[in-house]
1. Which order do 170, 229 take when ranked by solvent-accessible area (1.4 Å probe, heavy atoms of all protein chains), largest first?
2. With no solvent and one equal point scatterer per Cα, compute the Debye intensity ratio I(q)/I(0) for the stretch 97-196 at 0.18, 0.25 Å⁻¹ and report its log10, rounded to two decimals.
3. Let's test the formula: R0 of 25 Å, r as the Cβ-Cβ distance of residue 75 and residue 102. What FRET efficiency results, to the nearest 0.05?
4. Which percent of the accessible area of the chain is formed by carbon and sulfur heavy atoms (probe 1.4 angstrom)?
5. Exactly which trypsin sites (Lys or Arg not before Pro) in the stretch 32-124 are in a DSSP loop and have at most 11 other Cβ atoms within 10 Å?
6. For the chain, what is the accessible area per residue in Å² when the probe is 1.4 Å?
7. For the chain, modelled as a GNM with alpha-carbon contacts under 10 angstrom, which of 202, 156, 31 fluctuates the most?
8. On full extension of the chain, what length is gained from residue 173 through residue 139, given 0.36 nm per residue of separation minus the C-alpha to C-alpha distance?
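The values are calculated or read from the model by the stated rules, or taken from the named source; none is laboratory data. Note that this is a predicted model, so its numbers are computed, not measured. Here the Cβ is made from the backbone with ideal geometry for all residues, glycine too, and neighbour counts use every protein chain on show. SASA here: full protein model, heavy atoms, side chains in, ligands and nucleic acids out. Shrake-Rupley method; radii C 1.70, N 1.55, O 1.52, S 1.80 Å.
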Amino acid sequence: MEERRQAMKLTGRKSLLFGISLMMSCIGALGAGVMLGTGLNWWLFALFAATAIIGSVWVSKILKPVPNVGLIIKYNFPKDAGYYQKGKRKTTPVSDNDILYHLKMFLPFIQIGMFIFAAVLFGSPRQSHDTLRQIGSINFGGGQAELVVVEQGAFGSYADLRIYNSETEHIESISIRAEDSLPSLDSIIGKDVYVSYRTIPGSDSILSYDRVMLGESLLDHDKLKFNYHFINIK
């Protein structure tokens with residue numbers, strides 16, 4: 001028994017490696033959560049995620065010799081109150097093996113909690129990380145319209161076409177693609193809105209809604225107040 005207890009002790013080099021691997025696990029999980037929440041850099045997200053996985057596997061290998069001592073559970077029932085381990089009342093103090101066994105069992109769940117916490121903390125509100133850039137505006141008989149590119153960092157970009165009446169009250173907005181080619185707001189005649197792209201991938205000169213519109217704009221295109229015409233200029 002004494003032999004087994006000594007084998008489980010983390011001293012010297014093994015203790016240092018354990019500390020490094022545990023820090024890698026936690027820092028990797030937190031970093032991946034921050035990158036996911038902010039959308040700053042997908043390469044850094046992958047790097048942090050890999051660090052968390054490598055650290056977790058490393059910890060698991062270091063703690064592999066830890067025996068299955070069982071989880072310590074506390075019961076608060078008046079008759080049987082106390083700590084139990086493997087169904088029996090625990091009468092001995094908490095040992096190194098107890099602590100290391102629980103760490104081995106719960107580290108993945110701790111990492112997941114850290115990841116979710118960081119992603120939620122740094123990802124709210126998401127809109128604050130977007131950069132808006134107006135690339136076009138025109139006046140027409142019934143009001144005015146503007147075309148705004150929304151930059152989302154690692155999540156890419158899209159364009160918002162926003163139409164207002166003569167009193168600058170918002171009438172309608174649609175979201176359209178803007179990554180591989182920037183759109184140009186050409187004109188609005190009556191209820192017809194004309195938008196052109198230059199060298200957008202594909203051979204079509206007239207672009208259908210499903211080639212251009214995004215999200216709810218595409219799903220609810222039959223409910224739009226204006227008719228949109230998209231042209232691909234080669």
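1. Highest to lowest solvent-accessible surface, that is 170, 229.
2. After summing over all Cα pairs, the log10 values are -0.88, -1.24.
3. Efficiency, rounded to the nearest 0.05: 0.90.
4. 61
5. Details: sites: 61, 74, 79, 86, 88, 89, 90, 104; in loops: 79, 86, 90.
Passing sites in the stretch 32-124 are 79, 86.
6. That works out to 61 Å² for each residue.
7. 202
8. Working: separation 34, 0.36 × 34 = 12.24 nm, distance 1.56 nm.
Full-extension gain reported as 10.7 nm.
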